[in-house]
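Asks: This is the structure, below, for whatever I ask next.
The values are calculated or read from the model by the stated rules, or taken from the named source; none is laboratory data. Predicted model only: the values in this text are computed from it and were never measured. Heads up, the Cβs are rebuilt from the backbone with ideal geometry, glycines too, and the neighbour counts pull from every protein chain shown.
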Amino acid sequence: MSMQNTSRAEQPTRRRPRCELPADPAAIVIFGASGDLTRRKLLPALYELAAADCLAPRFAIVGFARSRMTDDEFRKQCEEALRTHGEPAGFDVGTWQSFGNSLSYLVGDYDAPEAYQRLKERLDALDREHQLGGHRLFYLATPPQTYPVIVEQLGRANLARPKDETSWTRIVVEKPFGRDLPSARALNQQLLRVFDEGQVYRIDHYLGKETVQNLLVFRFANGIFEPLWNRNYVDHVQITAAESIGVERRAAFYETAGALRDMMQNHLLQLVALVAMEPPAKFDALAVRNEKIKVLQSIRPFEPADVAKQVVRGQYGPGTVNGTNVAGYREERGVRPDSTTETFVAARLWIDNWRWADVPFYLRTGKRLARQVTQIAVQFRRAPHIVFRNRKLDPNWLVLNLQPDEGISLAFGAKLPGPELQIQTVPMDFRYSTTFGEVGASAYATLLNDCLRGDATLFDRADSVEAAWALLDPVLQDWAEAPAPEFPNYAAGSWGPPAAEELLARDGRYWRNP
Ligand code: BG6
């Protein structure tokens, strides 16, 4: 760590992951291959892995979707996607040639058994041609309502079980994983009728972020912080995932979701689990996920009568973001003019265990906020006896900046130079960009790489998805029954509705706006 003033630096460039050993040869089947997620995230991530020699020398990617396309048209679409959404500077013609050759496309309806027969034949042929060892990875990048039917058809076509005892078959399921507890349970049951839990990889891209993984390293590879990481020293924890973008072109999806389902049920609660979990015995899927689920199950349930006091929802109106005038949510294309979808949510949680009793966790996330920032801020208790009377003392903060400007900062009081005893808060900063000059692989590349290697540590387990929904279901029910909220209640470019400030002010605390 070095002591320095925090000044904003240029955005770090992305460093490709380096793999000592490539993954097993495999066929990767992407359902929803003509969609946005495939274009913007999956293909760039797979290309990133290929360029870093993380994929096996022999692999095949099969795009499956309803749109009619030839193999060549699919390749063309992929090349465009890589040039637009990958790193333009990282586009290498040589890598593209071998990557492009691995791509093929299959058109089919998700509920048509004959399409899965063709898929099976294609996979068998690829296996023979490229000796892929029968390893298969299915990726569901389709609208969630198609998940059950794809899973069922994979089962019927005898594609869900490994081909033989030396091969593996895995399935990656994208969020949203259900829209409440009953639907998440039903989806888990459908999946587990056809696949074993060990084959299912529920993806939450936040867990693939370099800085999120660093949170575990920070906590469990250093002896100095863990003794302070509890109710004796921590006053409270704040987790902010603020976005300056609006709903963009996703209104059709977002209108059915809202911030609670879109961000809090998954990304924010996963961060809570990582901040609050006990040290796992090992860094493996079983031990880490066993500790995380205990946290989610220890969060005090919201009593229906209490929801309004513990959870704040908001929706942005028109405003100014980064100097540009922007429309309110209800004016966005595809949004109903009287929409009651929340674009902001803040909540206070209590974790009922020995480590965290009486330490509030405040969470907030929203669109069209003042700036894009994701951070975890831990405020420590004040010194028990104030030696410096009549001096203003700020609390100590430990801030983990997950994005952008990735790093960790510790705020403490220092004496201002001069004859008077004056105290000023100064930061002790670690910044990825200045220390390492670059950041690691993209979240999707990290997670796909883990999945190809059979490491589920950074994926969600059925019980943790269900525990997160169980916590939030009473909130959804309360909102469904309550009178329509008075939206919009915050201006685009602000830090959210006044009620979010009041949530902390009632406890004598305030949000630490970055
Ligand atoms: C997604 C949400 O899961 O996460 C989006 O569906 C959101 O609404 C996105 O914009 C934020 O991810 P990131 O990595 O940009 O913080």
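Asks: Being of a type in the set (A, V, I, L, M), more than 16 Å from the ligand (Cβ to nearest atom), modelled with pLDDT of 95 or more and assigned to a strand (DSSP E or B): is that true of Ala377 here? Quick ask: steps written out before the conclusion?
Replies: Details: of a type in the set (A, V, I, L, M): yes; more than 16 Å from the ligand (Cβ to nearest atom): yes; modelled with pLDDT of 95 or more: yes; assigned to a strand (DSSP E or B): yes.
Spelling it out, Ala377 is indeed of a type in the set (A, V, I, L, M), more than 16 Å from the ligand (Cβ to nearest atom), modelled with pLDDT of 95 or more and assigned to a strand (DSSP E or B).
Asks: Those residues that are within 16 Å of the ligand (Cβ to nearest atom), within 28 Å of Leu458 (Cα to Cα) and in contact with an Asp or Glu (Cβ under 9 Å, 6 or more places away or on another chain), I need them from segment 266-319; list them, please.
Replies: The answer is Asn266, His267, Gln270.
Asks: When you look at Ala468, is it crowded, with 21+ Cβ neighbours inside 10 Å and either acidic (Asp, Glu) or over 29 Å from Arg348 (Cα atoms) (or both), yes or no? Spell out how you get there, then give the answer.
Replies: Values: crowded, with 21+ Cβ neighbours inside 10 Å: yes; either acidic (Asp, Glu) or over 29 Å from Arg348 (Cα atoms) (or both): no.
So Ala468 does not fit the description; no.
Asks: Name the residues in segment 167-181 that are assigned to a loop (DSSP other than H, G, I, E, B) and either buried (at least 19 other Cβ atoms within 10 Å of the Cβ) or at pLDDT below 95 (or both), would you? Write out each step before concluding.
Replies: Taking segment 167-181 first, the residues assigned to a loop (DSSP other than H, G, I, E, B) are 167-168, 174-180.
Glu174, Lys175, Pro176, Phe177, Gly178, listed by residue number.
Asks: Then there is this: Return the residue satisfying two criteria in turn: it lies in segment 356-372 and is among the hydrophobic types (A, V, I, L, M, F, W, C) and touching an Asp or Glu at 6+ places or on another chain (Cβ under 8 Å), and of such residues it is farthest from Gly246 (Cα to Cα). Write out each step before concluding.
Replies: Our first condition is that a residue be among the hydrophobic types (A, V, I, L, M, F, W, C); within segment 356-372, this holds for 356-357, 359, 361, 363, 369-370.
So of that shortlist, the ones also touching an Asp or Glu at 6+ places or on another chain (Cβ under 8 Å) come out as 359, 369.
Details: Val359: 32, Leu369: 9 Å.
The extreme case among them is Val359.
Asks: A further question follows. Got a number for residues in segment 138-183 being among the aliphatic types (A, V, I, L, M) and within 16 Å of the ligand (Cβ to nearest atom)?
Replies: Residues meeting the conditions: 4.
Asks: Which ones in segment 185-212 are crowded, with 16+ Cβ neighbours inside 10 Å and more than 12 Å from the ligand (Cβ to nearest atom)? It would help to see each step written out before you state the result.
Replies: Pass one, segment 185-212, residues crowded, with 16+ Cβ neighbours inside 10 Å: 185, 187-188, 190-191, 194-195, 199-212.
Within segment 185-212, Arg185, Leu187, Asn188, Gln190, Leu191, Val194, Phe195, Gln199, Val200, Tyr201, Arg202 qualify.
Asks: Can you pull out every residue in segment 182-212 that is among the aromatic types (Phe, Trp, Tyr), within 16 Å of Asp450 (Cβ to Cβ) and either out of contact with any His (no Cβ under 8 Å at 6 or more places or on another chain) or assigned to a loop (DSSP other than H, G, I, E, B) (or both)?
Replies: Correct list: Tyr201 only.
Asks: Consider Leu37 carefully, then state whether it is surrounded by 24 or more Cβ atoms within 10 Å (Cβ to Cβ) and aliphatic (A, V, I, L, M).
Replies: no
Asks: Continuing with this model, one more query. Do we find a residue being surrounded by fewer than 17 Cβ atoms within 10 Å (Cβ to Cβ), closer than 22 Å to Gly366 by Cα, at pLDDT below 95 and aromatic (Phe, Trp, Tyr) anywhere in segment 223-230?
Replies: No, segment 223-230 contains no residue that is surrounded by fewer than 17 Cβ atoms within 10 Å (Cβ to Cβ), closer than 22 Å to Gly366 by Cα, at pLDDT below 95 and aromatic (Phe, Trp, Tyr).
Asks: In addition: If you scan segment 462-514, which residues turn out to be over 22 Å from the mean Cα position of the chain (by Cα) and of a type in the set (Ser, Thr, Tyr)?
Replies: Hits for segment 462-514 are Tyr490, Ser494, Tyr510.
Asks: Could you list, in sequence order, the residues of segment 302-352 that are in a loop (DSSP other than H, G, I, E, B) and touching a Pro at 6+ places or on another chain (Cβ under 7 Å)?
Replies: Narrowing segment 302-352 to residues in a loop (DSSP other than H, G, I, E, B): 302-303, 315, 318, 322-323, 327-328, 332-343, 352.
Result: Phe302, Gln315, Ala327, Gly328, Thr340.
Asks: On to the next question. Return the total of residues in segment 213-256 being polar (S, T, N, Q), part of a strand (DSSP E or B) and within 16 Å of the ligand (Cβ to nearest atom).
Replies: Result for segment 213-256: 1.
Asks: Inside segment 46-158, counting only helices (runs of 4 or more DSSP H) that do not spill past its ends, which hold 3 or more residues that are at pLDDT 95 or above and surrounded by fewer than 20 Cβ atoms within 10 Å (Cβ to Cβ)?
Replies: 71-85, 113-130, 147-156
Asks: Does segment 353-374 hold any residues that are crowded, with 16+ Cβ neighbours inside 10 Å, among the charged types (D, E, K, R), within 16 Å of the ligand (Cβ to nearest atom) and assigned to a loop (DSSP other than H, G, I, E, B), and which are they?
Replies: Correct list: Lys367, Arg368.
Asks: For segment 398-412, name all the residues that are away from the ligand (no atom under 16 Å from the Cβ) and out of contact with any strand residue (DSSP E or B) (no Cβ under 6 Å at 6 or more places or on another chain).
Replies: Selection gives Phe412 alone.
Asks: In segment 380-407, what residues are farther than 22 Å from Ala505 by Cα, of a type in the set (S, T, N, Q) and not in a strand (DSSP E or B)?
Replies: Asn390
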